[in-house]
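Engineer: Structure in structure tokens, see below.
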Amino acid sequence: MRKIFYCLTFIAACISFIPVVAQTPEDNLKKLGIQLPKSPKPVASFVHCVRVGNLLYLSGKGPARADGSFITGKVGRDLNIDSGYYAARLTAIAHLAVLKDELGDLSKVKRIVKVFGMVNCTENFYDQPKVINGYSDLMIEVFGEKGKHARSAVGMYSLPWNTAVEVETIVEVEN
Amino acid sequence: MRKIFYCLTFIAACISFIPVVAQTPEDNLKKLGIQLPKSPKPVASFVHCVRVGNLLYLSGKGPARADGSFITGKVGRDLNIDSGYYAARLTAIAHLAVLKDELGDLSKVKRIVKVFGMVNCTENFYDQPKVINGYSDLMIEVFGEKGKHARSAVGMYSLPWNTAVEVETIVEVEN
Amino acid sequence: MRKIFYCLTFIAACISFIPVVAQTPEDNLKKLGIQLPKSPKPVASFVHCVRVGNLLYLSGKGPARADGSFITGKVGRDLNIDSGYYAARLTAIAHLAVLKDELGDLSKVKRIVKVFGMVNCTENFYDQPKVINGYSDLMIEVFGEKGKHARSAVGMYSLPWNTAVEVETIVEVEN
């Protein structure tokens, strides 16, 4: 009887050391309630991304809603920081959709390397980092440590279709 | 007689499978009537391009006319979309001249990887992509599929010497 | 006697051919009287730099004074070219501090590859290159030929905390 008890204790101890099965990026997206849209067909003159060696260069993307329309306007006048943060988060979703299309499996992402975050804003708006955090935070929620990147966050005079945010990104992928 | 016929048919079939001799980028430039200028001597503090492995990082260039002067002004006020498109096309020619100087032979270009297209424009101008197409279209006319790139097109408050367009680009080259 | 003379002449000739012992980047900094600050702890959502292969991608940095405060304002209104140049030089020091933290030894820098120099300026300010030279010149003073880079210098509408300059850079490092 005591033997069985020791035995069970031992097994329990062992189990507690088994590492938690790693969540895949797709699991993380599910938990966040995010469904990736299909990336729209690339326009004639350029493509969504280009791969060189292990690097993927992603074209600049904006904050597309599920229906394909964009969040537009200037942060500091038409949008506040929270709305800008949300726009940056949508921009990250647009890039995740491109990555999913390209890689099939988001687990092939080895590192989000560099993010250039552009905020369509007023001349006196100085909180671009708080806005682009919407992009960065989602990348870290989805990829964990692999989502941590080098970054610039800057204020733009004007962006295509008056989108509130545009981001371009470099991603390292597995062989 | 029939044998000869079969034989000729066979030869004709073979010939139809011989791939068309590929046009070189230089051929394409000639057909487009574009003569590349000599790149001006690099200014002291930086260089026209830096190579790392198979990647060439090209410095930002503007729309230089054949006489070396620049197309200046803001798109949306001083220039319309068509003039902006033309300025972007001149900017592509400036980059092609840098590539020619560096590589000798434009056939060594393996891929135009990433283009960052900056348009000097008004606050309410939202058609940066249509302007930067002038750059992208020429790259595709010259390099075909290899010319298709990842891209961002954005609106700038001010550019050096008030040039209408500035573009910086990453190019993959053959070993 | 004559033999000794010839011998000494020969030795002197040899010595004159011994290459001058190369100055390290750290020596150059010392000669310039520049002491690198400690890089502040990275903020949550991003990191100071990411390495992929032999490339280091440095996050955008601004002109931090020794006490951590920033030089702020618009070049062309609040700052003149000289003050802007000095701000760009401080920005280079901020990047050198990141490189020192990351590499331990600045001699591991193989090449400053690409610099994207952003100047917070007025709409009619066109001398961004003269401002960003403050960054480029210091890199060349510290690294010599290895400090020469591809570059763009552009005018921004607004930068985080109203800093006068922001620069992001790619650096090639030794294996």
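Engineer: Rounded to the nearest 20 debye, what is the charge dipole size of the stretch B:106-146 about its Cα centre when +1 sits on each Lys and Arg Cβ and -1 on each Asp and Glu Cβ?
Structural biologist: 380
Engineer: Can you pull the mean other chain C-beta count within 10 Å for peptide A:51-59?
Structural biologist: 5
Engineer: Please work out the FRET efficiency for the pair A:N54 and B:E26, using the Cβ-Cβ distance as r and a Förster radius of 35 Å; give the result to the nearest 0.05.
Structural biologist: So, using R0 = 35 Å, E works out to roughly 0.65.
Engineer: So which of B:K30/B:K146; A:K148/B:K61; C:K61/C:K148; A:K108/B:K146; A:K31/C:K38; C:K100/C:K130 end up more than 29 Å apart by C-alpha?
Structural biologist: Over 29 Å Cα-Cα: A:K148/B:K61; A:K31/C:K38.
Engineer: Only four residue types carry charge here, +1 at the Cβ of Lys and Arg and -1 at the Cβ of Asp and Glu. Report the dipole size of the protein assembly as shown about the Cα centre in Debye, rounded to the nearest 20.
Structural biologist: Computed charge dipole of the protein assembly as shown: roughly 1220 debye.
Engineer: B:P40 label points, 7 Å along Cα→Cβ, one per copy: pairwise distances from this copy to the rest in nm, shortest first?
Structural biologist: Listed shortest first, these distances are 3.9, 3.9 nm.
Engineer: OK, next. Which angle between 0 and 90 degrees, to the nearest 10, do you get for helix B:2-17 versus the longest principal axis of chain B when only C-alpha atoms count?
Structural biologist: Helix B:2-17 sits roughly 10 degrees off the main axis of chain B.
Engineer: Got a number for the accessible area of B:I71? Probe 1.4 Å, square angstrom, nearest 10.
Structural biologist: Estimated to the nearest 10 Å², B:I71 gives 20 Å².
Engineer: Quote the relative contact order of chain B in percent (integer), defining contacts as alpha-carbon pairs under 8 Å separated by 6+ residues.
Structural biologist: 30
Engineer: Something else: Averaged over its residues, how many other protein chain Cβ atoms are within 10 Å of peptide A:111-117's Cβ atoms?
Structural biologist: 5
Engineer: What is the sum of charges, Lys and Arg at +1 and Asp and Glu at -1, for the other residues whose Cβ falls under 13 Å from the Cβ of C:L29?
Structural biologist: 0
Engineer: Which Cβ of chain C lies nearest the axis of the rotation superposing C onto A, and at what whole-Å distance?
Structural biologist: Of all Cβ atoms in chain C, the one nearest the axis gives C:Y157, 2.
Engineer: So, one more: Quick one: with label points 7 Å out along Cα→Cβ, list the inter-copy distances for A:Q23 in nm, shortest first?
Structural biologist: 5.3, 5.3
Engineer: Hey, if you put +1 on the Cβ of every Lys and Arg and -1 on every Asp and Glu Cβ in the protein assembly as shown, which of C:F46, B:L32, C:G104 ends up farthest toward the positive end of that dipole?
Structural biologist: Positive-most Cα among the choices belongs to C:G104.
Engineer: Remind me, what semi-axes does the stretch A:80-152 give for its equivalent ellipsoid, largest first in whole Å, using sqrt of 5 times each Cα gyration tensor eigenvalue?
Structural biologist: Square roots of five times the eigenvalues give 24, 12, 10 Å.
Engineer: Follow-up question, since we're still on this one. Given a 1.4 Å probe and every protein chain left where it sits, what share in percent of the accessible area of chain C is carbon and sulfur? Don't skip to the end; give the middle numbers.
Structural biologist: On the way: 5010 of 8430 Å².
With neighbouring chains kept in place, the figure for chain C is 59 percent.
Engineer: A further question on this structure: What FRET efficiency comes out for C:V47 versus A:K110 if R0 is 25 angstrom and r is the Cβ-Cβ distance? Round to the nearest 0.05.
Structural biologist: After rounding to 0.05, the efficiency reads 0.95.
Engineer: Partner chain Cβ atoms within 10 Å, averaged over the residues of A:161-171 - can you pull that number for me? Walk me through the numbers on the way to the answer.
Structural biologist: Values: counts 4, 5, 1, 0, 0, 5, 1, 6, 1, 8, 1.
Average per residue, whole number: 3.
Engineer: With +1 on the Cβ of every Lys and Arg and -1 on the Cβ of every Asp and Glu, and nothing else charged, how large is the dipole of the stretch C:17-175 about its Cα centre, in debye rounded to the nearest 20?
Structural biologist: 140
Engineer: Over the alpha carbons of chain C, what is the largest minus smallest coordinate on each principal axis, giving the biggest first in Å?
Structural biologist: 76, 34, 30
Engineer: Another question about this same structure. Just to compare against my own numbers: the Cα pair-distance distribution for the stretch A:26-73, 5 Å bins, whole % per bin, please.
Structural biologist: 5, 15, 18, 20, 25, 12, 5, 0
Engineer: Using r as the Cβ-Cβ distance of B:T122 and B:E145, and R0 as 30 Å, what FRET efficiency do you calculate, to the nearest 0.05? Don't jump to the answer; show the numbers that get you there.
Structural biologist: Details: r = 35 Å, r/R0 = 1.17.
The pair B:T122/B:E145 has a calculated efficiency of 0.30.
Engineer: All other residues with a Cβ under 10 Å from the Cβ of C:L99 taken together, and with Lys, Arg as +1 and Asp, Glu as -1, what is their net charge?
Structural biologist: Details: positive: C:K100, C:K108; negative: C:D101, C:E102, C:D105.
Residues near C:L99 contribute -1 overall.
Engineer: Let me ask you something else. At q = 0.09, 0.11, 0.13, 0.25 Å⁻¹, what log₁₀ I(q)/I(0) does a Debye calculation on the Cα points of the stretch B:18-122 give, no solvent, two decimals?
Structural biologist: -0.27, -0.41, -0.56, -1.49
Engineer: Moving on. How about the stretch C:89-175: which GluC sites (Glu not before Pro) there lie in a loop by DSSP and see at most 11 other Cβ atoms within 10 Å?
Structural biologist: Taking the stretch C:89-175 and a limit of 11 other Cβ atoms within 10 Å, the loop GluC sites (Glu not before Pro) found are C:E174.
Engineer: Long-range amide H contacts for B:C121: which residues qualify at under 5 Å (H placed 1.01 Å from N, peptide plane, sequence gap of 5 or more or a different chain)?
Structural biologist: B:V75, B:M156
Engineer: Further question on the same structure: On a 0 to 90° scale, report how tilted helix A:81-103 is relative to the longest principal axis of chain A, with both axes built from alpha carbons and the result rounded to the nearest 10.
Structural biologist: 70
Engineer: Using protein heavy atoms only (no ligands, DNA or RNA), what is the total accessible area buried between A and C, 1.4 Å probe, nearest 100 Å²?
Structural biologist: The summed interface area works out to 2300 Å².
Engineer: Could you pull the copy-to-copy label distances for A:K108, with points set 7 Å along Cα to Cβ, in nm to one decimal and sorted shortest first?
Structural biologist: 3.1, 3.1
Engineer: Convert 25 °C to kelvin, take the viscosity as 0.890 mPa s, use the Kirkwood radius over C-alpha pairs of the protein assembly as shown as Rh, and evaluate the Stokes-Einstein diffusion coefficient in µm²/s, rounded to a whole number.
Structural biologist: 98
Engineer: A further question follows. Report the accessible area of C:T24, computed with a 1.4 Å probe over the heavy atoms of all protein chains in place, in Å² rounded to the nearest 10.
Structural biologist: 50
Engineer: In the full protein assembly as shown, how much of C:W161 is accessible to a 1.4 Å probe, in Å² to the nearest 10?
Structural biologist: Taking all protein chains as shown, C:W161 has close to 140 Å².
Engineer: Further, regarding this structure: Determine the percent antiparallel among the DSSP beta bridges restricted to chain C, to the nearest 5.
Structural biologist: 70
Engineer: Which is the longest stretch in chain B that no exposed loop site breaks, taking sites as trypsin sites (Lys or Arg not before Pro) with a DSSP loop state and at most 16 other Cβ atoms within 10 Å? Don't skip to the answer; put the middle values down first.
Structural biologist: On the way: sites that count: B:K38, B:R65, B:R77.
Answer from the scan: B:78-175.
Engineer: Right, another one. Tell me, in nm to one decimal, what length is gained between A:R65 and A:V173 on full extension, where the rule is 0.36 nm per residue of separation less the Cα-Cα distance? Mind showing how you got there, number by number?
Structural biologist: Numbers: separation 108, 0.36 × 108 = 38.88 nm, distance 2.67 nm.
Using 0.36 nm per residue and subtracting the Cα-Cα distance, I get 36.2 nm.
Engineer: State in Å² the accessible area per residue of the protein assembly as shown; use a 1.4 Å probe, count heavy atoms of protein chains only, and round to the nearest integer.
Structural biologist: Roughly 48 Å² per residue, with all protein chains present.
The values are calculated or read from the model by the stated rules, or taken from the named source; none is laboratory data. Note that this is a predicted model, so its numbers are computed, not measured. Cβ: placed from backbone, ideal geometry, glycine included. Neighbour counts: every protein chain shown. For the accessible areas, the whole protein counts, side chains as well, though only heavy atoms, and no ligand, DNA or RNA atoms are used. Shrake-Rupley method; radii C 1.70, N 1.55, O 1.52, S 1.80 Å.
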